[in-house]
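See structure below.
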Amino acid sequence: MRRFIIGLGGAVGLLLGGASPALAQSFGGTEGSTLVLVGAIAGGLAFGLFFAILFGPNRGLERDLTGRLGVYADQSDPDPGFFGRIPILRRLARQAESVAHDRGVFTMIETALEQANVPIRPGEAITIAMAVSLGAGIVSFLVSGNIIIALIVAVVMMAVAGAFVQVIAARERAKFADQLPDTLNLISTSLRAGYSLLQAVEAVGSEAADPTGREFSRAITEIRLGRSPVESLKLVAERMESVDFDWAVLAINIQREVGGNLAEVLQTAAETMVERNRLRREMKALTAEGRISAIVLGGLPVGLFVFLYFTNRDYLEPLLTTFAGIGALIGAGLMLVAGVAWLRKIVSVDI
């Protein structure tokens, strides 16, 4: 309808522009010249409008869809962000996302960022990590003058950036797992009070602490947009990598198909999870000595190397300048990583 009105206005402008010479002759004099000028301007604007309508991008449907979905979006921060303001950074982020798609790691990075509640896109995260690693490598090269050290520092910084996101994501998953029994108890209590499942999930989203409240609020938004409640809750379990909540969703799905007392089932599941969490904490306390040993044994060679590099660099010169020394460093690093992984495997107990 808007396109039709603009097109009709443009056609009227063209008619006025075409009829302006005749009107100028009827009026004559200065007024006729002024009318000719006005008609020419109107005709030019109408011609431009017709070009924009006929050949310009049709974004009316997109704007309408954006307006409809905007009701369910958070409009509190319309700021496009640092990457959105600078075109070259925006292009770099898009290129990084394209490369991540081609390498098959885009979904993994996106999931880690969602779990860690980091409000940036995967391309932006990759660009930031590359910029930090490149800056650290340049600074290391300027300080040490050794390209090998600079490359090692750049790779280490890239790994540290990825590990930082993974640590935050693991912390969020652990919080979700600790809050899960209380979440199921709240759903069970709400069902006993006469709430529907959707109302119980909405109550969790509004009353529970993050990350549970955030994830359930997202599930409510997806349900309002047309996704089934079971599917939305299953996506919450997949995002948070929670096997326990996946079982709870499976129980909800079975109850919706065959019937039964869902409140009692969720209450039993919550009690079971409380006992499993208690047992998990006991095992974590019993294996604390082994985990600390892995941290000390893994960090001691690296710390000693850094200390000697800054206090007695000549002592380490053969390791940094000769082929045999560089090979020894690479071999020692691989063996160190294997040893730390072995120790972590020994002290980790799946419950």
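The alpha-carbon of K345 sits under 18 angstrom from the alpha-carbons of these aspartates and glutamates, leaving out residues fewer than 8 places away in its chain: E282, E289. By the count of neighbouring beta-carbon atoms within 10 Å, fewest first, E114, E289 end up ordered E289, E114. Charged side chains reduced to their Cβ positions (Lys and Arg at +1, Asp and Glu at -1) give the stretch 170-279 a dipole of some 160 debye around its Cα centre. Please list, in order along the stretch 292-299, the HN-Hα scalar couplings obtained from phi with the Karplus expression 6.51 cos²θ - 1.76 cosθ + 1.60 (θ = phi - 60°), rounded to whole Hz, x for Gly and Pro. Values per residue, Gly and Pro as x: 5, 4, 5, 5, 5, 5, x, x Hz. Ranked for footprinting exposure by Cβ neighbours inside 10 Å, fewest first, E275, E222 give E275, E222. Mean separation of Cα pairs under 8 Å and 6 or more residues apart, divided by the residue count, gives the stretch 251-351 a relative contact order of 33 percent. Scalar couplings 3J(HN,Hα) for the stretch 89-98, obtained by applying the Karplus form with A = 6.51, B = -1.76, C = 1.60 to θ = phi - 60°, are 5, 5, 5, 4, 5, 5, 5, 5, 5, 5 Hz; x denotes Gly and Pro. Here the residues S242, S144, ranked from fewest to most Cβ neighbours within 10 Å of their Cβ, fall in the order S144, S242. Among the trypsin sites (Lys or Arg not before Pro) in the stretch 161-216, none sits in a DSSP loop with a Cβ that has at most 14 other Cβ atoms within 10 Å. When the alpha carbon coordinates of the stretch 280-344 are projected onto the principal axes, the ranges are 49, 23, 9 Å, largest first. Once C-alpha pairs closer than 8 Å and six or more residues apart are averaged by separation and normalised to the residue number of the stretch 170-279, the relative contact order reads 33 percent.
Readers should treat all values here as calculations from the given coordinates under stated rules, not as data from a laboratory. Quick caveat: nothing in here was measured; it's all calculated off a predicted structure. Here Cβ is always computed from backbone atoms with ideal geometry, including for glycine, and neighbour counts include all displayed protein chains.
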